[in-house]
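The values are calculated or read from the model by the stated rules, or taken from the named source; none is laboratory data. Everything numeric here is computed off the predicted structure, so don't read it as measured data. Virtual Cβ from ideal backbone geometry, glycine too; neighbours counted across all protein chains shown.
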Amino acid sequence: MEQLTFNEKLNNLAQIACDLGVNLQPGQKLLINTPVSCSDFARLIAEKAFERNAKDVMIQYHDEYFSKIRYQHADLEALTSIPKWQQEKMNDYVNQNFAIISIYAEDPDAMQDVDAAKIVAANKAMQKAGKRYQNAILNDQIRWCVISVPTSGWAHKVFPELPVEEAVQKLWDAVFYSTRTDVKDPIHAWQTHNNNFHQKVNFLNQHQFKELIYTSSSGTNLHVGMPENHIWSGGSEVAQDGISFFPNMPTEEIFCAPHKDRINGKLVSTHPLVYNGQLIDHFQFTFKDGIVTDFSAEQGYETLKALIESTSGSNQLGEVSFVPYDSPIQNLNLLFYNTLFDENASCHFALGAAYPSCIKNGQSMDDKELTAAGLNVSDTHVDFMVGSSDLDIVGVDSEGKTCQIFKDGNWAF
């Protein structure tokens, strides 16, 4: 296989973000959300966008190390007071049908020693101010894509034994491999990958399982009820304007929404979770009628507690996702400390909001209708990983017949 140069791979990554990620249309505007440390790559995406006749490109920078300073010194009133212009700006992105590419590359240790309650309160205020913007994303009203590129802080966390420059290069290799941008024709590679999702999605949608049963040696023993007329999705999605896009790059998952009130049992994590720059590890939940009634964590207990108590619906599940253990990202045998990658190496769930597209006619339902249909409505959505090499998942249909979906961590069909 022909070896590509670093710049060829980098250009491939920027290309697929525009062409497949948000499927940028001529005359459309693009917003790029990026850490300041990823500004070079953000500018490369902007160039690709203008080459594709974008009407305009806006780059919105954020700096997690400045955010830490602000959390440490600003009071709660300042942190939770969102200027009106900021809310109007988010609404304007929706009004003007921006496509949105977000570069997610947190330093997993950036928010160490920061009061978790401050972070949660600030995020809650921002989510409230940006509710229309967030709903546009949840409902696929606008096309959006999340990608990642290495930063020194992130690379050091993944490869602590290596010098920083070498760690960054190794992380680039992993990013290129998992996003299929280390090949000559990444568009074809992604189209082939997308076709492979269809068989599994069609099987699951045809069977309309009433319940899923999870078991593993970690202690997971969970019964997950599914709402009527649920819809599984995987790979590309179709926005409300009829144009396809890939919300996540990489992606290996097929996902749906569980019935928020029909989840019972114990669920044990298998990967650490970085939430608001703080690490949560070796954690587990107990559910009763969909509610988290007990939880524990060996690391990050207070952060996990703050997440569960952060907002309405953050103590219930909104997403169930299947990812085979034998998958490209898992086979790298790396812990990325980055949800975008780790969730695509492992079956996972999410606390908080369900995607309305996961139920028939869900995108035309209001919050009351979604809740009545069994979907969780919340201002938060946080994925956490539960997949393992011995995870079994059994589907139970409306007649009580069972079907093995996962066996020993992988698809059983």
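Consider residue 298 carefully, then state whether it is acidic (Asp, Glu), within 20 Å of residue 358 (Cβ to Cβ) and either surrounded by fewer than 20 Cβ atoms within 10 Å (Cβ to Cβ) or in contact (Cβ under 8 Å) with a residue 24 or more places away in the chain (or both). Answer is no for this residue. Kindly check whether there is at least one residue in segment 115-130 that is in the same structural domain as residue 16 (by TED's automatic domain parsing), free of Cβ contacts under 8 Å to residues at least 60 places away in the same chain, within 30 Å of residue 359 (Cα to Cα) and among the polar types (S, T, N, Q). Among the residues of segment 115-130, not one is in the same structural domain as residue 16 (by TED's automatic domain parsing), free of Cβ contacts under 8 Å to residues at least 60 places away in the same chain, within 30 Å of residue 359 (Cα to Cα) and among the polar types (S, T, N, Q), which makes the answer no.
The residues of segment 206-227 that are assigned to a strand (DSSP E or B) and either farther than 23 Å from residue 361 by Cβ or modelled with pLDDT under 95 (or both), listed by number, are 213, 214, 215, 221, 222, 223. Would it be correct to say that residue 255 is assigned to a strand (DSSP E or B) and either outside the structural domain of residue 357 (by TED's automatic domain parsing) or within 17 Å of the chain's Cα centre (by Cα) (or both)? When the stated conditions are applied, residue 255 passes them. Taking the criterion of being closer than 18 Å to residue 143 by Cβ and in a strand (DSSP E or B), the residues of segment 228-252 that qualify are 233, 234, 237, 238, 244, 245, 248.
Somewhere in segment 235-245, is a residue among the aromatic types (Phe, Trp, Tyr), surrounded by 15 or more Cβ atoms within 10 Å (Cβ to Cβ) and either in the same structural domain as residue 294 (by TED's automatic domain parsing) or free of Cβ contacts under 8 Å to residues at least 24 places away in the same chain (or both)? Checked segment 235-245: no residue is among the aromatic types (Phe, Trp, Tyr), surrounded by 15 or more Cβ atoms within 10 Å (Cβ to Cβ) and either in the same structural domain as residue 294 (by TED's automatic domain parsing) or free of Cβ contacts under 8 Å to residues at least 24 places away in the same chain (or both).
Inclusion of residue 203 among residues that are aromatic (Phe, Trp, Tyr), closer than 29 Å to residue 237 by Cα and without any contact (Cβ under 8 Å) to a residue 60 or more places away in the chain is not warranted. Just give me the residues in segment 103-117 being within 30 Å of residue 159 (Cβ to Cβ) and assigned to a helix (DSSP H, G or I), in sequence order. Of everything in segment 103-117, just one residue is within 30 Å of residue 159 (Cβ to Cβ) and assigned to a helix (DSSP H, G or I), namely 116.
Look at residue 203 and say whether it is among the aromatic types (Phe, Trp, Tyr) and assigned to a helix (DSSP H, G or I). Yes.
Scanning segment 252-266 for residues that are surrounded by 24 or more Cβ atoms within 10 Å (Cβ to Cβ) and either out of contact with any Gly (no Cβ under 9 Å at 6 or more places or on another chain) or under 11 Å from residue 384 (Cα atoms) (or both) yields a single hit, 256. For the residues 71, 104, 93, the requirement of being under 26 Å from residue 378 (Cβ atoms), over 23 Å from the mean Cα position of the chain (by Cα) and of a type in the set (Ser, Thr, Tyr) singles out 71.
If we keep just the residues of segment 383-409 that are farther than 30 Å from residue 146 by Cα and hydrophobic (A, V, I, L, M, F, W, C), which is surrounded by the fewest Cβ atoms within 10 Å (Cβ to Cβ)? Only one residue tops the list, namely 403. Taking the conditions exactly as written (more than 23 Å from the chain's Cα centre (by Cα) and modelled with pLDDT under 95), does residue 2 satisfy them or not? Answer is yes for this residue.
Please work out if residue 198 is buried (at least 17 other Cβ atoms within 10 Å of the Cβ), outside any strand (DSSP E or B) and not assigned by TED's automatic domain parsing to the domain that holds residue 365. No; evaluated as a whole, the condition is false for this residue. Scanning segment 128-150 for residues that are modelled with pLDDT of 90 or more and part of a helix (DSSP H, G or I) yields 128, 129, 131, 132, 133, 134, 135, 136, 137.
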